[in-house]
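Enquirer: Quick one: the structure is below, questions incoming.
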Amino acid sequence: AQTVTQSQPEMSVQEAETVTLSCTYDTSENNYYLFWYKQPPSRQMILVIRQEAYKQQNATENRFSVNFQKAAKSFSLKISDSQLGDTAMYFCAFMIVGTASKLTFGTGTRLQVTL
Amino acid sequence: SQTIHQWPATLVQPVGSPLSLECTVEGTSNPNLYWYRQAAGRGLQLLFYSVGIGQISSEVPQNLSASRPQDRQFILSSKKLLLSDSGFYLCAWSGTSGGFYNEQFFGPGTRLTVL
C-alpha cells in the first residue's frame, strides 16, 4: 500500500517570503505521479503542481516549484514571494499509473500567510 | 467545458437516518468518478471509485455505499448514518483518454454533520 506523509500540520510565512512544505511517500512502484493540491477556505480543491516520477527535472509553475528526490521518496513544495491568497491547506498526493487515476493524499499542511 | 456539481452543499442528519448525496458531471462522457471523505483535521480518503455505469469499487470498509445509475451521475448512500460518518464529502472526475495521466477535477463538496 502507498502512504503519503506530511509532517508539518501548520506553517506560517510572511508575505513576500519563501516557504517550503515537506512531503514524503512510500511505494514499491516505479511509475507514478506526485501532486500538490491547494484547498483554500472555500474548500475547493485546486491542483497546484504535478511531477512525473520518470522526469528528473523538478516541476515549476510560476511561484510554485518542487524538489523531487526519488531515491529519498521526498517531494517538497516551495512557494516563493508568498501572497495572502496562498493561505490554505496544502495536500501532497500520489497516483500510480494505470490505477484508474486514484489519488492517495497526505494529511495536509495548513499554511498561513501573514502581513 | 466540463463542470461538476454536488448537492446538497450542507446537510445535518440524525444518527440512524438514511443518506443520499448526489454528484453529476457535465461536458464529458465516460468519466472515472470518485468519492472522497475529509474528516476534521485529516486528509482526503478515497471511499469509492467507478470506471463505468454500474461498476463500483470500494476502497475502505464502511457504513456507506455508492452507485452509478447513469454515465455522469454518482451517488453516495447510507441506510443508517453513524456519528463517524460526519465530514466533508468530495466528488471528483477524471477523463479516460488512455494516456498515462488523467487529472482529477473536484466538486464543491458536501458538509455532512451527523448528530
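The values are calculated or read from the model by the stated rules, or taken from the named source; none is laboratory data. Nothing here was measured: the structure is a model prediction, and the numbers come from that model. Here the Cβ positions follow ideal geometry from the backbone for every residue, glycine too, while neighbour counts run over all protein chains shown. Only protein heavy atoms, including side chains, enter the accessible area calculation; ligands, DNA and RNA are left aside. Shrake-Rupley method; radii C 1.70, N 1.55, O 1.52, S 1.80 Å.
Enquirer: Determine the per residue accessible area of the protein assembly as shown with all protein chains present and a 1.4 angstrom probe, expressed in square angstrom.
Expert: Numbers: 10950 Å² over 230 residues.
I get 48 Å² per residue for the protein assembly as shown.
Enquirer: With solvent modelled as a 1.4 Å probe, how much accessible area in total do chains A and B shield from it at their shared surface, in Å² to the nearest 100?
Expert: Working: alone 6510 and 6270 Å², together 10950 Å².
Between A and B, the summed buried area is about 1800 Å².
Enquirer: Share of chain A's accessible area from carbon and sulfur, percent, 1.4 Å?
Expert: Details: 2460 of 5570 Å².
Exposed carbon and sulfur together represent 44 percent of the surface.
Enquirer: What aspartates and glutamates does residue A:78 reach when the alpha-carbon gap must be under 16 Å and sequence neighbours fewer than 8 apart in one chain are set aside?
Expert: Leaving aside aspartates and glutamates fewer than 8 places away in the same chain, those within reach of residue A:78 are A:10, A:15, A:17, A:61, A:86.
Enquirer: What chymotrypsin sites (Phe, Trp or Tyr not before Pro) does the range A:49-115 have in DSSP loop regions with at most 16 other beta carbons within 10 Å?
Expert: Numbers: sites: A:54, A:64, A:68, A:75, A:90, A:91, A:94, A:105; in loops: A:54.
Of the chymotrypsin sites (Phe, Trp or Tyr not before Pro), the ones in loops of the range A:49-115 whose Cβ has at most 16 other Cβ atoms within 10 Å are A:54.
Enquirer: Let me test this: with uniform point scatterers at the alpha carbons of the range A:3-114, what is the Debye-based log₁₀ I(q)/I(0) at q = 0.17 1/Å?
Expert: Debye output, listed in q order: -0.76.
Enquirer: List the residues of the range A:67-115 for which accessible area in the full set of protein chains is at least 50 Å² lower than for the chain on its own; 1.4 Å probe, protein heavy atoms only.
Expert: The answer is A:100, A:101, A:102, A:103, A:105.
Enquirer: For chain B, give the percent of accessible area contributed by carbon and sulfur heavy atoms, probe 1.4 Å, rounded to a whole number.
Expert: Here it works out to 53 percent.
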